[in-house]
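Data block below; observations after.
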Amino acid sequence: MSAQKRRSFKKKLEKYTSQRIALSVIDQKQKELDEECNTMIRTIKRTVAEAFVANTIASEEFYLISGNYFTKIEQEYLPAEIAMVKFSFENGITNKYHTYVAPENIQMGYQADAIEHSTNTHRLAVPPNATGERNYQRILNEMKRFMGEPTPILFTFEENIAMIKSFIRLFANSGNNDDIKVYPLHQLFYEIKVMTAKNSAMERPSFGSINIAKEHLRRYDCVLTAGTACAYHELDCGKHCPLSHVQHWAYILFHHICGDLNIKLISGEHSPCEGQSSRSAIASNVVTGLTARVDRVLSVQNDKDIPTLASRINRKRPGGALKSPKISTFDST
Ligand SMILES: [Zn+2]
């Protein structure tokens, strides 16, 4: 049988799903996902093991990322807000990055979905009324500058991975973004916990399974997140703020890991400063050497740029009346 006939014969035998997708395509996709997952686990295990061998786990720097979106169409998300933190167990959270994103428009036919999603979650004004950074290339450049070289792995909640990858694809405008890896934080958390418990001089309990790490991260604790939301979300719905998410996750890791590493928790580094709001937190970081950002950060500190709680409650349509802060907040070096 010729190759052409074989192909034609094979095609006739091909099975399809109800959406007319060939099962062989689904199998291939699944194989690629499995391979990607195995690579991810191997990379995380190797990173953690190497840090323990070199005795640098306490000073190793990790990066967390989270975000909000306006619309989700299949695997493509339209960004609304992004936040990252850099931390080490030794020094706590050492740097933050945060920006609002203002796409020009919502995709045709998805305006109602975007408004509904915003109303139920982050409550940011929906394009074309969104305010924030409109230049995607600039956002990507700033993210890369925040991450430094070589590009570190970004960790996030498992459910956020597709969203963050989609944001990066959009910012890169189909350009090369293969160097930015986005991996699940619970996997890193679990690997570190297992290793710290094993290597600790004292008797330390480990996690019985990886699901324990996931559950710890999933718990939203108001005490841990007090004063960590961005200026806009500080007014309400802070639990939907990505700046709050990334700090919350870091604090959870500190809580469970620092003791194993014999590191004392310091308020303001391993937990929010007592009585500190996010606005004063950002301002204080600026004062410690980020003067180039003062004007931009202070423009957000100005109360007239932040919608009041009353204006949110009184508004009729989240896509129309609600205004976002005028510009992104940054806290990067
Ligand atoms: Zn926010």
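The values are calculated or read from the model by the stated rules, or taken from the named source; none is laboratory data. Given the structure is predicted, the values throughout are model-derived calculations rather than measurements. Backbone-built Cβ (ideal geometry, glycine too); neighbour counts: all protein chains shown.
Mind checking which pairs have a first residue in the stretch 230-242 that is of a type in the set (D, E, K, R) and at pLDDT below 95 and a second that is in a loop (DSSP other than H, G, I, E, B) and more than 7 Å from the ligand (Cβ to nearest atom), Cβ under 7 Å, 6 or more apart or different chains? Final answer for the pair search is Glu234/Ser277; Lys239/Tyr220.
Is there a residue in the stretch 256-273 that is within 16 Å of the ligand (Cβ to nearest atom), assigned to a loop (DSSP other than H, G, I, E, B) and within 20 Å of Lys86 (Cα to Cα)? Yes, the stretch 256-273 contains a residue that is within 16 Å of the ligand (Cβ to nearest atom), assigned to a loop (DSSP other than H, G, I, E, B) and within 20 Å of Lys86 (Cα to Cα).
Here Tyr190, Tyr183 are screened, and the one residue that is closer than 19 Å to Val48 by Cβ, touching a strand residue (DSSP E or B) at 6+ places or on another chain (Cβ under 6 Å) and among the aromatic types (Phe, Trp, Tyr) is Tyr183. State whether the residues of the stretch 46-64 include one that is assigned to a strand (DSSP E or B) and β-branched (Val, Ile, Thr). No; the residues of the stretch 46-64 include none that is assigned to a strand (DSSP E or B) and β-branched (Val, Ile, Thr). Could you check Val223 against (1) in a loop (DSSP other than H, G, I, E, B); (2) over 18 Å from the mean Cα position of the chain (by Cα); (3) modelled with pLDDT of 50 or more; (4) surrounded by fewer than 15 Cβ atoms within 10 Å (Cβ to Cβ) and say which number it fails? Only one criterion in (1) in a loop (DSSP other than H, G, I, E, B); (2) over 18 Å from the mean Cα position of the chain (by Cα); (3) modelled with pLDDT of 50 or more; (4) surrounded by fewer than 15 Cβ atoms within 10 Å (Cβ to Cβ) is unmet by Val223, namely (1).
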